[in-house]
Amino acid sequence: MEITTHLYNENGNAWDAFVTSHKDSTNYHQYGWRKVVEKSFGHRTMYLAATNRHNEICGILPFVQMKSWLFGSFLVSLPFFNYGGLLTTEDSAAVMLLSASRKMLSGTGVDHIEFRHLRMCQEVVETKQHKVTMILDLKPTEEGQWSSLDTKVRNQVRKAVKNGLETVTGRLELLDGFYEVFCQNMHDLGTPVYGRNFFRNVLEEFPETTRIISVTHDGRTIASALLTWYKDALEVPWASSLRNFRLLCPNNLLYWEAIRFAIDGGFRTFDFGRSTPGEGTYNFKKQWGVRSVPLYWQYLLREGGGLPEVNTKNPKYRFAIQAWQRLPLMVTNFLGPHIVRCIP
């Protein structure tokens, strides 16, 4: 079957119809995320589509080009999110899309191309498996889920309630509280923060499939999460809490409320998001009874090029992280969005 590839710049209807029909599609294959990235960060996006002789889409590959004096120039499918990469119904479509990618590697002058895959693509040799995503298989009822939890987790949720913590679910009206907690948490971690408009754009582009859940103490937001869902899976890609309130267990109540929300919505899985095995966030998520699903970050490299190490564990960035943590919060909130736009 004759397959051709082209840059897709249409209204997204045909793209999303293909994505919706594909059993392996993820939230971030949806066309709306292209609009979020362009509007929030101003990056150049290149969305490749493969079509058959009937002009029907049989494969897609979304790319975002990122340029930075510190990290270089590269293409990612997709940055800022956990998933992306190739999505095809024909093996020949995958071959053609990868061939087009190799041409882009030289034609755009980028240092490398990164694919964020849930399944290994055998045609791409260079692979890192340093991250996992944490998936909780949901019970049909809240009672069944509660009884399946570890005793320690249940006690921490009860402790949060006894400490007078309350939860609220909403959308844009909760964005300020969410963002305040998010900024403080990122500052403590030494990580530049996304701009508020990024989260606003997510909520506005996907009004029917996003929510914010916040935990409050005496009316103040002390923990908050942005939820997004697709098909039968609900995900928490961004969640934060204030360190000063850790003993009140707000994180435990936050995630339990999000799990309850997912069960009430009829979702089958709850995605805690990606983690590095052995680290603190990994251990926190593990206690909820999740299973670790490997993530395959695969690369096309220029000849002689090595695998990129754009992460906080790279000793190259240790001094920058420590310096960032010492800056006033007001300064990091201003500078952060200008820096993080170039960190995938």
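The values are calculated or read from the model by the stated rules, or taken from the named source; none is laboratory data. What you see is a predicted model; the values in this text were computed from it and never measured. Counting neighbours? That spans all protein chains shown, and the Cβs are built from the backbone with ideal geometry, glycine included.
Could you tell me whether any residue of region 108-123 is without any contact (Cβ under 8 Å) to a residue 40 or more places away in the chain, within 30 Å of MET46 (Cβ to Cβ), out of contact with any helix residue (DSSP H, G or I) (no Cβ under 9 Å at 6 or more places or on another chain) and not assigned by TED's automatic domain parsing to the domain that holds GLY219?
yes
Going by the structure shown, is PRO277 assigned to a strand (DSSP E or B) and not aliphatic (A, V, I, L, M)?
Spelling it out, it is not the case that PRO277 is assigned to a strand (DSSP E or B) and not aliphatic (A, V, I, L, M).
For region 188-224, give me each residue that is over 19 Å from the mean Cα position of the chain (by Cα), not polar (S, T, N, Q) and not in a loop (DSSP other than H, G, I, E, B).
ASP188, VAL215, HIS217, ARG220, ILE222
For region 205-219, give me each residue that is in contact (Cβ under 8 Å) with a residue 12 or more places away in the chain and of a type outside the set (Asp, Glu).
Listed by number, the residues that qualify are PHE206, PRO207, THR209, THR210, ARG211, ILE212, ILE213, SER214, VAL215, THR216, HIS217.
Suppose we filter VAL64, VAL76, VAL36 for residues that are assigned to a helix (DSSP H, G or I) and either at pLDDT below 90 or among the β-branched types (Val, Ile, Thr) (or both); which single one remains?
Selected residue: VAL36, the only one of VAL64, VAL76, VAL36 that is assigned to a helix (DSSP H, G or I) and either at pLDDT below 90 or among the β-branched types (Val, Ile, Thr) (or both).
Within region 79-99, track down each residue that is in contact with a strand residue (DSSP E or B) (Cβ under 7 Å, 6 or more places away or on another chain), not polar (S, T, N, Q) and either not assigned by TED's automatic domain parsing to the domain that holds HIS22 or not in a loop (DSSP other than H, G, I, E, B) (or both).
Across region 79-99, the qualifying residues are LEU87, ALA93, ALA94, MET96, LEU97.
Taking only region 245-274 into account, find how many residues are part of a helix (DSSP H, G or I) and under 18 Å from LEU149 (Cα atoms).
Selection size over region 245-274: 15.
Pick out, from region 110-166, the strands (runs of 3 or more DSSP E) lying fully within it that include 1 or more residues that are surrounded by fewer than 19 Cβ atoms within 10 Å (Cβ to Cβ).
The strands (runs of 3 or more DSSP E) meeting that bar are 126-128, 132-137.
Results for (1) over 26 Å from LYS35 (Cβ atoms); (2) over 22 Å from the mean Cα position of the chain (by Cα); (3) small (Gly, Ala, Ser), shown as yes or no for each residue.
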position: LEU78; (1), (2), (3): no, no, no
position: TYR83; (1), (2), (3): no, no, no
position: LEU86; (1), (2), (3): no, no, no
position: LEU97; (1), (2), (3): no, yes, no
position: LEU118; (1), (2), (3): no, no, no
position: THR127; (1), (2), (3): yes, no, no
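Just need a number here: residues in region 6-35 that are of a type in the set (Ser, Thr, Tyr) and touching a Gly at 6+ places or on another chain (Cβ under 8 Å).
3
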